[in-house]
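Comments concern the structure below.
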């Protein structure tokens, strides 16, 4: 789920770097509107994760995308595990899985329960700290998925980045994509980033700004999903899908063209993430 604006309701939704003309074989299939997405696979995203929430009476529904960062932990957006009043929800309300490029059924036996949720100060006063780590009841095996490494280097406007998730493919729809989708987006540091994001100051802080002029974007259901770059041919985690809004205040379309979006910069939280995992940060850092 990708927030529309910081004041709207909670919505369920989402070295070598990318070349504009990818050689990935799965790029052949273009699926209309992540928004303007292409089919992606677990070969490219071996860490991709799905998060389901119990909305009552053990009725689980897909709510967010995430990334496996350790065999026992998944990172996602803070708003995925908080209610509309920024209250942290119980870990018993969530089930997760990593390593499937197709959306699982909420009753799939492979889903793990969540035993603990870690956040880092996410609140109505600090919405830019939009990150959470979920500890799983049992580890994801190496045969199922591979944890992603973290990108903690300078982020320039010309850094080629890609976002992936199971979110809706058309704004306003409530139906997530059954197929993992990806799309290239553009990093920005324009004045618009400050004008529309009161908690954004630069792409070196806790948030990364992106502007869409092509229609490529993440949307509901993609929240918590990976924003990635490539190092030595491998996708590494740059950020986590957080929220966005249309630059036209009269528009109700909050995903796609003319949208400005913000991603939680995972590298900003690297030492905290490492402390939760109980490892040295160098172990989870992507290196050239």
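Worth pointing out:
- Solvent-free Debye scattering, log10 I(q)/I(0), computed from the Cα coordinates of segment 38-157 at q = 0.16 Å⁻¹: -0.77
- Inter-probe distance in nm under a simple model that places probes 7 Å from Cα toward Cβ, at residue 184 and residue 113: 4.5 nm
- Approximating the spin labels as points 7 Å out from Cα along Cα→Cβ, the residue 61-to-residue 86 distance works out to 2.5 nm.
- Start at zero, step by 5 Å, and the Cα-Cα distances of segment 127-210 spread as 3, 10, 14, 17, 20, 18, 12, 4, 1, 0 percent across the bins.
- Exposure proxy ranking for 122, 288, 263, based on other Cβ atoms within 10 angstrom of each Cβ and starting from the fewest, stands as 288, 122, 263.
- Theoretical FRET efficiency, 1/(1+(r/R0)^6), r = Cβ-Cβ of residue 156 and residue 71, R0 25 Å, to 0.05: 0.15
- Least to most buried among 209, 80, 64, 193 (fewest other Cβ within 10 Å first): 193, 209, 80, 64
- For segment 75-90, the residues whose backbone nitrogen is under 11 Å from a point 7 Å from the Cα of residue 124, taken along Cα to Cβ, are 84-87.
- Distance (nanometres) between label positions extended 7 Å along Cα→Cβ at residue 41 and residue 285: 3.3 nm
- Per the Cα gyration tensor, segment 94-147 maps to an equivalent ellipsoid with semi-axes of 26, 12, 11 Å, ordered largest to smallest.
Every number here is computed from the coordinates shown, using simple stated rules; none is lab data. On a predicted model such as this, the values are computed, not experimentally measured, just so you know. Positions of Cβ are backbone-derived with ideal geometry, glycine not excepted, and every protein chain shown enters the neighbour counts.
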